[in-house]
Amino acid sequence: MGNATREAGFEQALVGLAHAIGRAPDCHEHVLRVVSETAASALDVDRVNVWRVDESAGVLRCIHGFDRRQARHEPAPGDHLDLAAPYVASLLGSRVVHAEDVGDAQHADNCLGRYLRRYGVVATMDAPIRTADGVVGVICHEMVEGSRAWTPSERAFAASIGDHLALIHERERRTAAQANIKATAEQDATTRLPNRYCVIDWLQTLGSTTPGALSTLSVIHLQLNLAACAGDVEGILRTASDRLRRAVGANGQLGRIGNEAFLLIPRPGLEEAALAPLARTCLAAIEEGDALDVGMRCEASAGIAFARDLHVWSPETLLHHAELASRRAQRREGARLAVFDTGHVASLRLSAERENTLRQAFARQDFEVHFQPEVDLETGRCVSAEALLRWHNDGRWVPAAEFIDVIEASDLVIPVGRWVLERACQLASRWPDPSLRVRVNVSARQFDDAGLVEHVAGALQRSRIAPQRLCLEITETAVMDTVGGAAALARLRALGVGLAIDDFGTGHSSLAYLKALPIDTIKIDRSFVRALPDDPFDQAILEAVVHMARRLGLEVVAEGVEDERQRAALLALGVTRAQGFLYSAALPPESFPAFLEGRGPAPGAASFHRAAHAALTPPRT
């Protein structure tokens, strides 16, 4: 065969190779079969092997082999050569290696020699697979049944085969990079679960393309509570996700949709009656044993929502409904699982309307701070006052208990809380007794506000009252629910501000908080005062609390004192401070100084009770 005919055959083989590769761009194994068969036939060699650099292992690894004599492909022969070998280091262009030369002192390359002898290779013409990053592999054209001389055109063809493999390698690298980017975009880095975007995409596909899916589609929202976990939060999440994978198995698709939240999409066809047991199985898996593997116990709640309850199909709305259900379960004592119901939607709508009304009221300055006196039970003299938020609406002052839950659930909680603190300090600065203390309630959301301590310091400076005159009150439950509570309390204590636990006895682990937090006052909840002196259990509890408080150097204040019998019982138990209707309801700022100026022995309960209630509805100015 003439050189021109030979070169034309090479060109035709390369064109055919390009077409064959183009028809199956994503089938890597098929491409390697086509390349090796084309090269073996065009160069008339016995074997063709493709090798790839494996930098992590430090070897050149054979990834595909073809024996033309037996028309047999070997997808992964497993042969490898040390990257430090002279043969590998010299892969700069196509080259011929003769078996008799390998092993000479000048060409010592034992690993290559062992390979050639193992397969009876007499000579091989090798071409590097080179990309912009350097040599990434080599294709070997091997002769077993006799040696031969390689023409320049054959060497050029072999080099072209190497270039084709380099292009294929680059395409694989780009495909892998794109897949990695896609996986990163759809995968949570901590748990390796699908992230929120991927979960929403799943739901959108299920709801839009699967016939009848919306009538049976449901989701289970799993809300973790990591506020009390002092350990490795990422470790806790990884452990929880691993346990959830095992618990769910083939019963659904699992994803992470928030900092402390997972979502389970039950598999199609799962009976509705099986959803609650599945949710409880997930909760049990999260809370397995006394503690997670990383050493911290994690509590959780679950919420179930159904697509059939939506007026308009929306994956985001379905997720939101499930989250609302899980948070409702979290708030209810003893409840760990809740199902979203359409009646709750109406409640949410009313809550939103109420929030808008309160937002407008705050903007119109319809809020005011009233003060309920705290008195010395022995003398009846006022020693402190609690600042209580009131809303002037429909001609009356509405107590905070009737609307504070709406404020605390909205973004109003921070500005309203700051305003109450500022207003209470300003009014306290005008009282006739400059030593009288003012107590201000602070919610858990405020303690999570990074600017709380700075705002308290600013309010003190602007009102020019001593830090010792201000006492901040927070409930036990609020301390437990806030992440930054303990640190904020320590910084506030350093300012000189007093700290009190409100509604003491109704929260969690009361004694533990007395030991752990820098407080100076505990306020006994009215539920322990109401039945005095007739309830021996309440008496025993109060006696123990007073004894413990004295040992710890804490002040005790009783709330909800309404009659003389309660007052006498508290004094007998050692409680010397109290507030309640026996002395006064909360008074508006213009009435409170008058009360202070007339302080002395407490007036009769009935007369003062009537006077206090009359002060609740002053004329609108």
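The values are calculated or read from the model by the stated rules, or taken from the named source; none is laboratory data. This one's a predicted model, so the numbers in the text were calculated from it and none came from an experiment. Quick reminder, even Gly has a Cβ in these numbers, built from the backbone with ideal geometry, and neighbours come from all protein chains shown.
A few points about this structure:
- Considering residues of segment 570-597 that are touching a helix residue (DSSP H, G or I) at 6+ places or on another chain (Cβ under 7 Å) and either aliphatic (A, V, I, L, M) or in a helix (DSSP H, G or I) (or both) only, the residue nearest to Ile541 (Cα to Cα): Leu573
- Complete set of residues in segment 516-532 that are of a type outside the set (D, E, K, R) and farther than 27 Å from Leu492 by Cα: Ser527, Phe528, Val529, Ala531, Leu532
- Counted residues, segment 213-228 - those being out of contact with any Asp or Glu (no Cβ under 7 Å at 6 or more places or on another chain), in a loop (DSSP other than H, G, I, E, B) and surrounded by fewer than 21 Cβ atoms within 10 Å (Cβ to Cβ): 2
- Whichever residue in segment 239-287 is surrounded by fewer than 17 Cβ atoms within 10 Å (Cβ to Cβ) and of a type in the set (Asp, Glu) and, among such residues, is nearest to Asn225 (Cα to Cα): Asp242
- The helices (runs of 4 or more DSSP H) found entirely in segment 387-501 that carry 3 or more residues being at pLDDT below 90 are 404-408, 444-447, 476-481, 485-495.
- Some residue of segment 598-611 being on the phi < 0 side of the Ramachandran plot, in a helix (DSSP H, G or I), among the charged types (D, E, K, R) and modelled with pLDDT under 90: yes
- Of all residues in segment 204-255, those being under 23 Å from the mean Cα position of the chain (by Cα) and not aliphatic (A, V, I, L, M) number 21.
- Residues that are under 24 Å from Glu7 (Cα atoms) and touching a residue at least 40 places away in the same chain (Cβ under 8 Å), drawn from segment 113-143: Met125, Ile129, Val138, Ile139, Cys140, His141, Glu142, Met143
- In segment 100-109 there is no residue that is modelled with pLDDT of 80 or more, crowded, with 19+ Cβ neighbours inside 10 Å and of a type outside the set (S, T, N, Q).
- Test: residue in segment 550-560 that is within 41 Å of the chain's Cα centre (by Cα) and part of a helix (DSSP H, G or I): yes
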